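Undergrad: Could you have a look at this structure, given as structure tokens, before my questions?
Bear in mind these aren't lab numbers, they're just calculated from the coordinates by the rules spelled out. From a predicted model like this one, the values you see are computed outputs, not experimental measurements. Here Cβ is always computed from backbone atoms with ideal geometry, including for glycine, and neighbour counts include all displayed protein chains.
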Amino acid sequence: MKIIEAENLKKKYNGFTAVDGVNFHINQGEIFGFLGPNGAGKTTTINMLTGLAHITAGSVKLLGEEYTRNTRRAQVLMGIVPDESNLYEELDGRENLCFCGALYGMRKEQREERAEQLLEQFGLQEAASKPFKAFSKGMKRKLTIAAGLIHEPEILFLDEPTTGIDVAFARQIRSLITDLHKKGTTIFLTTHYIEEAERLCERIAFIVQGKIVREGTVAELMQGMQKENIINFTLGGDFSAVETKFKNTFPDYEIKSGGDSSVSIHSPSSFTLLPLVQFFEDRGLPVFEAKIVRPSLEEVFVNVTGIELQKMQSGQPAMNGHGRKGVAKK
Ligand SMILES: Nc1ncnc2c1ncn2[C@@H]1O[C@H](COP(=O)(O)OP(=O)(O)O)[C@@H](O)[C@H]1O
Ligand SMILES: [Mg+2]
């Protein structure tokens with residue numbers, strides 16, 4: 001079921017078009033991601049979906065109903081976690097959560113109980129009686145997410161949840177997001193980290209200069225990417241010694257980046273591994289590793305948007321390097 005539907009959504013600031021007629025929907029229970037560089041229109045879109053910004057044109061439906069802001073129902077259903085925290089510097093962790101609960105009209109004992117539950121779930125017990133201003137950046141972000149969840153919303157909007165956070169906290173936050181997903185919360189998140197989108201999101205929209213340029217499940221986005229098959233061998237000897245012989249034996253394969261003890265082989269059709277391994281073994285080059293290279297979302301993104309990776313990853317990378325890696329960097 002579609003929980004949110006955005007139709008031809010547009011936002012203009014004076015003459016400048018920040019969001020240029022985007023169409024997308026968010027299915028109930030999924031993690032849907034907006035992936036795009038700084039200034040693409042991600043925050044502006046979140047603000048329009050959640051009623052924080054006026055919509056210039058188009059419409060947003062919440063559970064099939066045209067959504068106009070200030071509706072009590074939308075407030076109850078939505079949890080919002082802005083990129084910059086909106087919590088009170090002087091209040092401690094518990095007070096901040098309880099204050100947010102009060103804004104949602106929760107009863108005193110109800111919000112206190114929920115606050116304790118969230119402090120525990122987020123590993124923030126230590127922060128419960130510290131003023132917010134004394135928190136580390138990572139703790140601040142975690143409490144801000146907890147605050148967005150105080151009223152147990154159906155759908156959580158997370159604006160760049162791991163940006164500017166150190167690796168350990170970013171990891172905790174991604175795992176909290178996965179846990180929420182497992183419990184059935186619908187999540188809309190924005191990010192400029194390709195690997196993060198690939199790892200967390202079921203469906204992703206690439207957004208560039210206010211427009212969605214591609215949208216789909218990770219598998220759909222990958223489709224058509226694997227134009228050729230790539231296999232990398234790590235050998236116990238020098239490949240160049242057998243290169244000529246290799247080319248004669250396997251004329252259909254193309255050799256790229258053949259180093260001394262490694263070689264990358266490309267082929268338009270799929271590989272039969274055994275003859276390759278046999279070829280190397282017969283020539284005294286034991287095969288230490290054979291790795292089939294799969295395309296990564298990174299390649300798809302660069303391909304579709306033409307945006308260089310450095311441009312996307314500028315700022316502090318929040319990944320810890322366990323994600324899938326694609327073809328060796330050129
Ligand atoms: N209040 C505003 N007034 C004028 N321009 C704005 C305002 N907010 C955002 N913009 C512009 O709209 C574009 C999209 O911004 P934003 O939605 O914040 O992008 P993102 O969140 O993807 O980085 C940017 O070019 C930004 O400078
Ligand atoms: Mg933003």
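Undergrad: Only bridges whose two residues both fall in region 2-222 count here: according to DSSP, what percent of them are antiparallel, nearest 5?
TA: Looking only at bridges with both residues in region 2-222, the antiparallel portion is about 55 percent.
Undergrad: Then there's this: Going by average Cβ density within 10 Å per residue, which order do the peptides 150-159, 42-51, 208-217 take, highest to lowest?
TA: Put in order of decreasing packing, that is 42-51, 150-159, 208-217.
Undergrad: Using only the alpha carbons, work out the radius of gyration and Dmax of the chain in angstrom.
TA: Every Cα atom of the chain included, Rg and Dmax give 24.4, 79 Å.
Undergrad: Report ³J(HN,Hα) in whole Hz for each residue of region 103-110, in order, from the Karplus equation J = 6.51 cos²θ - 1.76 cosθ + 1.60 where θ = phi - 60°; Gly and Pro get x.
TA: 4, 8, x, 6, 5, 3, 5, 5
Undergrad: Using each residue's phi in region 11-26, evaluate 6.51 cos²θ - 1.76 cosθ + 1.60 at θ = phi - 60° and report the 3J(HN,Hα) Karplus result to the nearest Hz, with x for Gly and Pro.
TA: Working through the residues one at a time gives 9, 10, 10, 6, x, 8, 8, 8, 10, 10, x, 8, 10, 6, 9, 10 Hz.
Undergrad: Along the Cα→Cβ direction, 7 angstrom out, place labels at LYS227 and LYS130. What is the inter-label distance in nm?
TA: Each label point lies 7 Å from its Cα, and together they span 5.1 nm.
Undergrad: Related question: With contacts defined as alpha carbon pairs under 8 Å and 6 or more residues apart, what's the relative contact order of region 2-222 in percent?
TA: Computed value for region 2-222: 30 percent relative contact order.
Undergrad: Note down the net charge around GLY138, summing +1 for each Lys or Arg and -1 for each Asp or Glu among other residues with Cβ under 11 Å from its Cβ.
TA: Neighbourhood net charge equals +4.
Undergrad: While we're looking at this one, here's another question. Between beta-carbons, use under 12 Å as the cut-off and find the net charge around GLY259, counting Lys and Arg +1, Asp and Glu -1.
TA: -2
Undergrad: In what sequence, highest mean first, do 241-250, 58-67, 96-105 appear when ranked by Cβ atoms within 10 angstrom?
TA: Put in order of decreasing packing, that is 96-105, 58-67, 241-250.
Undergrad: Give me the distance in nm between label points sitting 7 Å out from Cα along the Cα-to-Cβ direction at ASP166 and ASN303, one decimal.
TA: 3.8
Undergrad: Now a separate question. Angle, helix 137-148 long axis vs. longest principal axis of the chain, Cα atoms, 0 to 90°, nearest 10?
TA: Tilt of helix 137-148: around 60 degrees.
Undergrad: Collect residues whose amide H, placed 1.01 Å from N in the peptide plane, falls under 5 Å from the amide H of PHE34; neighbours closer than 5 in sequence don't count.
TA: LEU189, THR190, THR191, ALA205
Undergrad: Compute the Cα gyration tensor for region 229-293, then decide on rounded, prolate or oblate, letting a ≥ b ≥ c be the square roots of its eigenvalues: rounded whenever a/c is under 1.5, prolate when a/b is larger than b/c in the other cases, and oblate in all that remain.
TA: Because its axes are fairly even, with a/c under 1.5, region 229-293 counts as rounded.
Undergrad: I would also like to ask the following. If I take R0 = 35 Å and measure r between the Cβ atoms of THR178 and LYS12 in this structure, what FRET efficiency does the formula 1/(1 + (r/R0)^6) give, to the nearest 0.05?
TA: The value I calculate is 0.45.
Undergrad: Which entries in the list LYS140/LYS211; LYS227/LYS256; LYS247/LYS291; LYS256/LYS291; LYS291/LYS311; LYS10/LYS137 go over 24 Å, if you measure between the two C-alpha atoms of each?
TA: Where the Cα-Cα span goes over 24 Å, the pairs concerned are LYS140/LYS211; LYS291/LYS311; LYS10/LYS137.
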